[in-house]
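All remarks here apply to the structure that follows.
The values are calculated or read from the model by the stated rules, or taken from the named source; none is laboratory data. Treat the numbers as computed from the prediction; the structure is a model and nothing was measured. When we count neighbours, we look across all protein chains shown, and the Cβ atoms used for this are built from the backbone with ideal geometry, even at glycine.
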Amino acid sequence: MTRPTLQQSHGPAYTRIYSIGAARGANAVPNDDLVGPINSSDEWIQQRTGIVTRARAGADVLAIDLATDAAREAIERSGIAPEQIDLVIIATISNVQQTPSMAAVVADRVGANPAAAYDTNAACAGYAYAVAQADALIRTGAANYALVIGAEKLSDVVDPTDRSISFLLGDGAGAVVIGPSDTPGIARTVWGSDGSKAGAVGMNHTLTEFRDGEAEWPTLRQEGQTVFRWAVWDMAKVAKQALDAAGVTSDDLAAFIPHQANMRIIDEFAKQLKLPETVVIARDIETTGNTSAASIPLATHRLLEEHPELSGGLALQIGFGAGLVFGAQVVVLP
Ligand SMILES: CC(C)(COP(=O)(O)OP(=O)(O)OC[C@H]1O[C@@H](n2cnc3c(N)ncnc32)[C@H](O)[C@@H]1OP(=O)(O)O)[C@@H](O)C(=O)NCCC(=O)NCCS
């Protein structure tokens, strides 16, 4: 008996980002509101991080609500009907429920039910990871149109007395619609991990420790200098590899959109990449703070609002964070 040959799917040769949407926490929280319990100052935070205010959501708004708002804007601008979206990926580390995923609920809320839907946890690299997945899944024919969202409400996982990271963090969501393209719109992703440095940034306790009364509510902590050095040295190399993988140089870029972790890291990247003056650098951290998986799409959204002429240009984006994990790729801006 001859075995039947399985059918395999094949998708389009290329994909691109069609549109972008964003939602930020509604409250602008200035440094002065946070400095008391960490014995810090507005001046220290501005000098060391570039943050002036961070966006934080009220108690009645969840990460999933921010994700929904960002997704609706992206879909509306995409020209794609929500029912054509057959894949929804949400990058997040701050869903307050371990299951169900935010993605399944958001897919339903925006009219994309019954799209394949799942959340992905790659911290501040989550958006770059999710873009890589959407691009690959569309090109194999596993999906036609993808909604990719980075969504965080990090204020749910901060300890106001922690001076290692809490003052950096904000709330928001950024979303893109990705679909087939006649020309390449998402270059190969350079991505990876280093779990030997898992302790450098992440939650300070497990949920079971919290349940058993052995620990407080788990919150984010980091070894700031370890992460800073890793970001500046190793991540600049990854950014260069992403340019090589795309077959372009920094002179070809219209924009540079790094994870919004620290303005000094962003400046150091710009130096090491020898970015020409013409490349517009995303500096959304100043008023949004670090929003982990949401930071790159939020920064992209703001860049395109302030510089609409960048549309259609090349952007290098790089995410890096807890894991440790990293992901970088060159994309054509919507
Ligand atoms: C967290 C971070 C802003 C701290 O800045 P830094 O310049 O590295 O600060 P250091 O830890 O070297 O501390 C320098 C001094 O500031 C003090 N300090 C540390 N945190 C402080 C705070 N929140 N407020 C005021 N002073 C602080 C330290 O006590 C130290 O004082 P000393 O010189 O008297 O000993 C920085 O390390 C950082 O941004 N790291 C990477 C962030 C990141 O990318 N995270 C990724 C997760 S997404």
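A few remarks follow.
- Among the residues listed as 143, 136, the single one being in contact with a strand residue (DSSP E or B) (Cβ under 7 Å, 6 or more places away or on another chain) and either closer than 30 Å to residue 111 by Cβ or within 14 Å of the ligand (Cβ to nearest atom) (or both): 143
- Boolean, residue 25 is on the phi > 0 side of the Ramachandran plot and of a type in the set (Gly, Ala, Ser): no
- Taken over region 21-54, residues that are within 10 Å of the ligand (Cβ to nearest atom) and not in a helix (DSSP H, G or I) amount to 6.
- Filter result (part of a strand (DSSP E or B) and over 20 Å from residue 260 (Cα atoms)) within region 136-183: 146, 147, 177, 178, 179, 180, 181
- Candidates 96, 131, 158 - the one that is out of contact with any Ser or Thr (no Cβ under 8 Å at 6 or more places or on another chain) and in contact (Cβ under 8 Å) with a residue 60 or more places away in the chain: 96
- Hits in region 236-266 - residues which are assigned to a loop (DSSP other than H, G, I, E, B), within 16 Å of the ligand (Cβ to nearest atom) and hydrophobic (A, V, I, L, M, F, W, C): 261
- Just so you know, in region 188-221 the residues that are part of a strand (DSSP E or B) and more than 23 Å from residue 317 (Cα to Cα) include one that is farthest from the ligand (Cβ to nearest atom), and it is 203.
- Listed by first and then second residue, the pairs linking a residue in region 222-242 that is touching a residue at least 60 places away in the same chain (Cβ under 8 Å) to a residue that is among the β-branched types (Val, Ile, Thr) and in a helix (DSSP H, G or I), with Cβ atoms under 6 Å apart and 6 or more places separating them unless they lie on different chains, are 231/265.
Rundown of residues vs (1) more than 14 Å from the chain's Cα centre (by Cα); (2) on the phi > 0 side of the Ramachandran plot; (3) more than 15 Å from the ligand (Cβ to nearest atom), yes/no style:
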| site | (1), (2), (3) |
| --- | --- |
| 234 | yes, no, no |
| 280 | yes, no, yes |
| 289 | no, yes, no |
| 293 | no, no, no |
| 299 | no, no, no |
| 313 | yes, no, yes |
| 324 | yes, no, no |
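- Candidate set: region 110-164, residues that are surrounded by fewer than 20 Cβ atoms within 10 Å (Cβ to Cβ) and of a type in the set (Asp, Glu); chosen: the one farthest from residue 7 (Cα to Cα): 162
- Pair list, Cβ under 8 Å, 6 or more apart: region 26-45 residue acidic (Asp, Glu), other residue at pLDDT 95 or above and not in a helix (DSSP H, G or I): 42/30
- The selection criterion, being buried (at least 24 other Cβ atoms within 10 Å of the Cβ), assigned by TED's automatic domain parsing to the domain that holds residue 267 and part of a strand (DSSP E or B), does not hold for residue 296.
- Meets criteria (surrounded by fewer than 18 Cβ atoms within 10 Å (Cβ to Cβ), at pLDDT 95 or above and in the same structural domain as residue 20 (by TED's automatic domain parsing)) for residue 57: no
- Just one of the listed residues (201, 157) is in contact with a helix residue (DSSP H, G or I) (Cβ under 8 Å, 6 or more places away or on another chain) and of a type outside the set (Ser, Thr, Tyr), and it is 201.
- Filter result (touching a helix residue (DSSP H, G or I) at 6+ places or on another chain (Cβ under 6 Å) and exposed (fewer than 12 other Cβ atoms within 10 Å of the Cβ)) within region 204-216: none
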